[in-house]
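The values are calculated or read from the model by the stated rules, or taken from the named source; none is laboratory data. Given the structure is predicted, the values throughout are model-derived calculations rather than measurements. Cβ placement follows ideal geometry from the backbone for every residue including glycine, while neighbour counts extend to all protein chains displayed.
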Amino acid sequence: MRVDVAWWHLDGTPQTIDSLREHLRDHTLERWTQVPGLRLKIYFADRERNRWGAVMLWETDERPPLDELPPNAALALIGRAPDVRATFEAEGTVEGLHDLASLQALGPAFDGTAGTVLTPRKGAGSNATVIPRGPRETRESAGSREKSPGGTSERKATT
């Protein structure tokens, strides 16, 4: 497996975390669901240091050639190459216990956008499902998760 990581320091660029988040929500997600071999793409932001980037996990050590990938929207919007770009070999993976059927369309970029979760291509090895979901909905019973001030879910102790 291959891991690609890239990020930009946004100081001195025409973009902000909010403008990039809006673009992600409105224009980016669907085209990446159709990329062969892409297991997961996580967009991240660091408001304290004004950084924006992404991590991509590929099923094999190879990824499709750049000209076969969707356009790099952040590169076009920010107007320059990432400050950091690195590729790593995944030494191992672990998937913990969780209640989510899919990681598709989660995070602050998609809050407040009710609708249907986009699904990756169907085919051999695909476990894609369509999950109707409103903003910040969890798969747990009411009351077992509580939203923190930062918008993340934290498990409440139950007795």
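Residues in the stretch 35-42: is at least one under 15 Å from the mean Cα position of the chain (by Cα), without any contact (Cβ under 8 Å) to a residue 24 or more places away in the chain and buried (at least 16 other Cβ atoms within 10 Å of the Cβ)?
Among the residues of the stretch 35-42, at least one is under 15 Å from the mean Cα position of the chain (by Cα), without any contact (Cβ under 8 Å) to a residue 24 or more places away in the chain and buried (at least 16 other Cβ atoms within 10 Å of the Cβ), which makes the answer yes.
Consider only pairs whose beta carbons are under 7 Å apart and that are at least six residues apart or on different chains; among these, list those whose first residue lies in the stretch 77-90 and is free of Cβ contacts under 8 Å to residues at least 60 places away in the same chain and farther than 11 Å from residue 54 by Cα and whose second residue is surrounded by 13 or more Cβ atoms within 10 Å (Cβ to Cβ) and of a type outside the set (S, T, N, Q).
Close Cβ pairs (under 7 Å, with a partner that is surrounded by 13 or more Cβ atoms within 10 Å (Cβ to Cβ) and of a type outside the set (S, T, N, Q)) amount to 81/75.
If a residue must be surrounded by 11 or more Cβ atoms within 10 Å (Cβ to Cβ) and within 19 Å of residue 2 (Cβ to Cβ), how many such residues does the stretch 51-85 contain?
Within the stretch 51-85, residues that are surrounded by 11 or more Cβ atoms within 10 Å (Cβ to Cβ) and within 19 Å of residue 2 (Cβ to Cβ) number 15.
Could you say whether any residue in the stretch 7-16 is under 16 Å from residue 104 (Cα atoms) and surrounded by 16 or more Cβ atoms within 10 Å (Cβ to Cβ)?
no
Here are 77, 106, 20: which of them is of a type in the set (A, V, I, L, M, F, W, C) and at pLDDT below 85?
106
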